[in-house]
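**Q** Attaching a single structure in structure tokens format; questions to follow.
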Amino acid sequence: MMAGIVIPYRGFPIETLRPVVEAWEKEYHGDQFGIELTVDASLADLLRLANGPMSALLVLVQGGPVGYIGIDFWPNPAGPGLMASEKYWYVMPEARGRDSLKLLKSARDYARQAGASKMLFTASRMASNLHDKVCRIYEHMGMRHFETTYCCDLSQEKGGA
């Protein structure tokens, strides 16, 4: 397998990422939570990340795109500085391994260079069945458990306080 390179998205057609999003769709488990995935909506959000004033999209390339990671930035609500958050870290199964870590490290470096002092990474059970493995990868990279997120279906809840 050839080594991949990580590049910031810079104006190539977002449709170039369609095969990667379609591969993610095959591993997606959001339906467990009643969250529907559409490839077109995902591509639109990747484009938002790529072109937003407070976001970025990095693409892993091995001949063609095989993965991506989005980054959102926002002012630290609890103090000074800028925060960053990973969005949509996905690498096609055949390209996983060292290049997956390269993509994570590139996102950290990009966020640091953009002025962020902290970055949040998510291990989602919705994204795939790799939740526990992703947690171990983050811990191996020196990250600490920060928060656990739960999902509730607001459309099913009755009103009242």
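**Q** With the structure loaded, tell me whether Ser100 is under 20 Å from Tyr138 (Cβ atoms) and modelled with pLDDT under 90 or whether it fails that test.
**A** So Ser100 fits the description; yes.
**Q** Looking at Lys26 and the list (1) modelled with pLDDT of 85 or more; (2) outside any helix (DSSP H, G or I), which single condition is not satisfied?
**A** The failed condition is (2).
**Q** Within region 135-161, work out how many residues are part of a loop (DSSP other than H, G, I, E, B) and at pLDDT 70 or above.
**A** 9
**Q** Take the residues in region 29-54 that are assigned to a loop (DSSP other than H, G, I, E, B) and of a type in the set (Gly, Ala, Ser), then tell me which one is modelled with the lowest pLDDT.
**A** Checking each candidate, the answer is Gly34.
**Q** Any residue that is within 24 Å of Gly4 (Cα to Cα), in contact with a strand residue (DSSP E or B) (Cβ under 9 Å, 6 or more places away or on another chain), aliphatic (A, V, I, L, M) and in contact (Cβ under 8 Å) with a residue 24 or more places away in the chain - is there at least one of those in region 138-152?
**A** Looking through region 138-152, none of the residues is within 24 Å of Gly4 (Cα to Cα), in contact with a strand residue (DSSP E or B) (Cβ under 9 Å, 6 or more places away or on another chain), aliphatic (A, V, I, L, M) and in contact (Cβ under 8 Å) with a residue 24 or more places away in the chain.
**Q** Report yes if some residue within region 112-124 is crowded, with 16+ Cβ neighbours inside 10 Å, hydrophobic (A, V, I, L, M, F, W, C), at pLDDT 80 or above and part of a helix (DSSP H, G or I); otherwise report no.
**A** no
**Q** Here is a further query. If Ile7 satisfies every condition in (1) in a strand (DSSP E or B); (2) among the β-branched types (Val, Ile, Thr); (3) crowded, with 19+ Cβ neighbours inside 10 Å but one, which is the exception?
**A** (3)
**Q** Being of a type outside the set (Lys, Arg) and within 16 Å of Leu120 (Cα to Cα) is the requirement here; does Leu57 meet it?
**A** For Leu57, the condition - of a type outside the set (Lys, Arg) and within 16 Å of Leu120 (Cα to Cα) - is met.
**Q** Return only the number of the condition from (1) within 20 Å of Pro19 (Cβ to Cβ); (2) part of a strand (DSSP E or B); (3) without any contact (Cβ under 8 Å) to a residue 24 or more places away in the chain; (4) not polar (S, T, N, Q) that Asp72 does not satisfy.
**A** Against the list (1) within 20 Å of Pro19 (Cβ to Cβ); (2) part of a strand (DSSP E or B); (3) without any contact (Cβ under 8 Å) to a residue 24 or more places away in the chain; (4) not polar (S, T, N, Q), Asp72 comes up short only on (1).
The values are calculated or read from the model by the stated rules, or taken from the named source; none is laboratory data. Please read these numbers as outputs of a predicted model, since none were measured by experiment. Note: ideal-geometry Cβ built from the backbone for every residue, glycine included; neighbour counts use all protein chains shown.
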